[in-house]
Amino acid sequence: MTENILEVRDLVKHYPVTQGIVLKKTIGHVKAVDGVSFDLKAGETLGVVGESGCGKSTLSRVLMSLEKPTAGSVLYKGQDIATLSAGAMRRLRRQIQLVMQDPYTSLNPRMTVGDLIGEPFEIHPDVAPKGSRRGKVKELLDLVGLNPEHINRYPHQFSGGQRQRIGIARALALRPEIIICDEPVSALDVSIQAQVMNLLEKLQNELGLSYVFIAHDLSVVRHLSDRVAVMYLGKIVEIGTEDEIYERPTHPYTQALLSAVPVPDPTLRDSKAIIRLTGDVPSPISPPSGCRFRTRCWKAQDVCAEQVPLLEVRPGSDHPSACHFAEKREIVASHPA
Amino acid sequence: MSEQSAPGTGGTGRPSGRLLEVDDLRVEFRTRDGVAKVINGVTYHVDAGETLAVLGESGSGKSVTAQTVMGILDMPPGFVTGGQVRFHGKDMLTMSAEERRRIRGEGIAMIFQDSLSALNPVFTVGFQIAEQFRVRRGMSRADAKKRAIEMLDQVKIPNAKGRFSNYPHQFSGGMRQRAMIAMSLALDPEVLIADEPTTALDVTVQAQIMDLLGELQRERRMGMILITHDLGVVADVADRIAVMYAGRIVEEADVFDLYAKPAHPYTLGLLDSIPRLDEKGQELRTIKGLPPNLMNIPPGCPFNPRCPMAQPVCREKVPPLLQIGAGRASACHFAEELVNRD
């Protein structure tokens, strides 16, 4: 049994919606994350998939302690991070780092690569004393497959894939235990995407990192993840091992999502049954009662409007799914072996 | 010139139901930093009722080609330095601006990737669609509105009548893309160019939009040029594929042939870099290196610095796009070997 490095319990993050300029009046809440629980084991990759607006990026911000949760808790090695002192918090921040989606806007264009990657050392001088910093940055550049000679270059002198490597080097600078990857490859071209995915995997093996890998691309998530959580409108609807989610999905949303992924094989065009969802994702300000997916679900019954389905293992299934009528269904979702 | 041997032009270049032909098109961008050769001899065509997918990564020139066809390329810095774009056999690049304008919308229409910036935020969606009927068809305000509502209805926007007077920001991403499709199809074009129409959308919405496009295309027997980098979408909808790299077409083939037996190492590399089920946990195969700088394209085959099969000849001679079978062409010196290997 490996230990849980991160435990998330009933995490809720609501943002107030206000009206008026001077006398701001709260007229509702955007329920971005609404009761999310999961564990992250040391050395594993947890994939989080979902469409835009499902709360996956808000989740990453709360995990990074960039946002205070409205309710619920995040436990790092058993300790609730909300109760930490300022000093302890600063030490904790070293351990959880973020790789952002857009390598074009997440790097300051006026700073050299050396300064960008070395900046974390200013805040945590104990990791690298002043004299050794340039050497450390060069090591990091080498680690992520960039030329250490390029330490004095600016971000615009690099391509998208190389910039993402800079972002990864910067996240690694403080030797964290956990890296949260928020759509790290979605801005990159296919051929470059594969290079960055290989790098992330190599780093995990060499440094024993744990990843929370947030993405909307299901095949990318499958390739990298040990376990996968599927989110819809602020809730996890299904969670399990990569095999359980992709081979034996039981939640209708997971099934629809998997079936909608275009398969890069034209011979499967006609054999592939796509589950067509109608309509758009409802507004997170006033999500549907009961099951949030019921407005787009072909299985919806009266009970779905009344009762919120719990994320639990149901008879006939081997992993938790938040559907009253969870059952297995074959989906041709990935490239056949 | 390589186009004599390319499929599609058939030697004489005369159309047989051929709607749109791009013939040895060359475009460069003249910037302060130098001249970027963005399109270096692109030849393709699309017939009525068929879908041609133009596949390529960023900077391959797939969008610039489409912009040149539509006549919306920013000039300067862009300059067309050679080639023709023929619509029903007539070169559009030498037409008067007036003639070209008549083709836009009615002959060829285009859908863009980013629907939020493609629609005008200060006019209602309905107005922007109805405007075409008033200007181009001389309809009255009321008739144009009726037609616009019909169009919104055709692209399956629920409550089209009520949605007519909404502004673009009041639509969701998928609905905006539907509105843009309604707008581009309003004048019943013969060719539709769709430039990454679903890249900004979620997968479930992407499936809806691709379905809708396919349905409308079949109904109207439109020729469609689908510009994309997504190998999955292409496999689902394309009839033929043209793969672009560094401003050239490096391979052209029927969709089934291309996925089964790619005839260019770049295509092979692209297909190999998709994560596959049976290779879980293994390193992904990648294309090493980066696409070339278009201001300084390497001599010989532009792909040679990244190519695992490169030989000395690849650094010296630019491989022409040669026919290697029925409806198949490849711009690789070793195309035959690639196709015939196991």
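Just so you know, all these numbers are worked out from the coordinates, no wet-lab data involved. Owing to the predicted nature of the structure, the values given are computational and were not obtained by experimental measurement. In this analysis, Cβ positions are derived from the backbone assuming ideal geometry, glycine residues included, and neighbour counts consider all displayed protein chains.
Given axes a ≥ b ≥ c from the Cα gyration tensor, I'd like to know whether segment B:175-267 is rounded (a/c under 1.5), prolate (a/b larger than b/c) or oblate. Because a/c hits 1.5 or more and a/b exceeds b/c, segment B:175-267 counts as prolate. Among A:219-232, A:256-269, B:76-89, the peptide with the highest mean count of other Cβ atoms within 10 Å heads the list, and the full ranking is A:219-232, A:256-269, B:76-89. Helices in chain A that qualify as membrane-span-like (whole DSSP H runs, Cα extent of at least 24 Å along the helix axis, mean Kyte-Doolittle hydropathy of 0.0 or higher) are A:190-207.
Counting other Cβ atoms within 10 Å as a rough exposure proxy, the listed residues B:Tyr44, B:Tyr167 run B:Tyr167, B:Tyr44 from fewest neighbours to most. When restricted to Cα atoms, segment B:114-186 yields an Rg and a Dmax of 10.9, 31 Å, respectively. Taking every DSSP helix (H) stretch of at least 4 residues in chain B, weighting each as -39,500 (n - 2.57) and dividing the sum by the residue count yields a mean residue ellipticity at 222 nm of -9500 deg cm²/dmol.
Taking the inverse of the mean reciprocal distance over all distinct Cα pairs, the Kirkwood hydrodynamic radius of the protein assembly as shown comes to 27.1 Å. Distance between the modelled labels on B:Asn340 and B:Tyr167, one decimal in nanometres: 6.5 nm (7 Å Cα→Cβ projection). Hydrodynamic analysis of segment B:28-104 uses the Kirkwood radius over alpha carbon pairs. Inserted into Stokes-Einstein at 20 °C and 1.002 mPa s, it gives a translational diffusion coefficient of 156 µm²/s. Between A:Val313 and A:Leu66, the modelled labels are 3.6 nm apart [label points 7 Å from Cα along Cα→Cβ]. Treating each Cα of segment A:4-225 as one equal point scatterer and applying the Debye formula with no solvent, the log10 of I(q)/I(0) at q = 0.16 Å⁻¹ comes out as -1.15. Taking other Cβ atoms within 10 Å as a rough exposure proxy, A:Glu206, A:Glu7 sort from fewest to most as A:Glu206, A:Glu7. Compute the Cα gyration tensor for segment A:93-189, then decide on rounded, prolate or oblate, letting a ≥ b ≥ c be the square roots of its eigenvalues: rounded whenever a/c is under 1.5, prolate when a/b is larger than b/c in the other cases, and oblate in all that remain. Here segment A:93-189 falls in the oblate category.
I need the helices of chain B that pass two filters: whole DSSP H segments spanning 24 Å or more by Cα along the axis, and mean Kyte-Doolittle score no lower than -1.0.
B:203-220
Per the Debye formula on identical point scatterers at the alpha carbon atoms of segment A:42-91, with no solvent, log10 I(q)/I(0) at q = 0.24 Å⁻¹ is -1.06.
What net charge do the residues around B:Arg86 carry, taking every other residue with its C-beta under 9 Å from that of B:Arg86, with Lys and Arg at +1 and Asp and Glu at -1? Around B:Arg86, the charge tally is -1. Put in order of Cβ neighbour count within 10 Å, fewest first, the listed residues A:Thr250, A:Thr105 become A:Thr105, A:Thr250.
Alpha-carbon geometry of chain B: the Rg and the Dmax are 20.8, 68 Å, given in that order.
With a simple spin-label model that places each label point 7 Å from the Cα along the Cα-to-Cβ direction, the separation between A:Met89 and B:Arg32 comes to 4.5 nm. Can you work out the PRE-style zone for A:His156? Point 7 Å along Cα to Cβ, and I want the residues of segment B:24-44 with backbone N under 20 Å. In segment B:24-44, the label zone of A:His156 (backbone N under 20 Å from the point 7 Å along Cα→Cβ) covers B:29-37. Extents of segment A:250-337, largest first, come to 43, 30, 19 Å (Cα atoms, principal axes, whole angstrom).
Computed from the C-beta positions of B:Glu131 and B:Arg218, the FRET efficiency with R₀ = 35 Å rounds to 0.80. From helices alone, chain A scores -8500 deg cm²/dmol at 222 nm; the rule is -39500 (n - 2.57) for each run of n ≥ 4 DSSP H residues, then divide by the residue total.
All C-alpha to C-alpha distances of segment A:165-279, sorted into 10 Å bins beginning at zero, yield P(r) values of 11, 39, 33, 14, 3, 0 percent in whole numbers.
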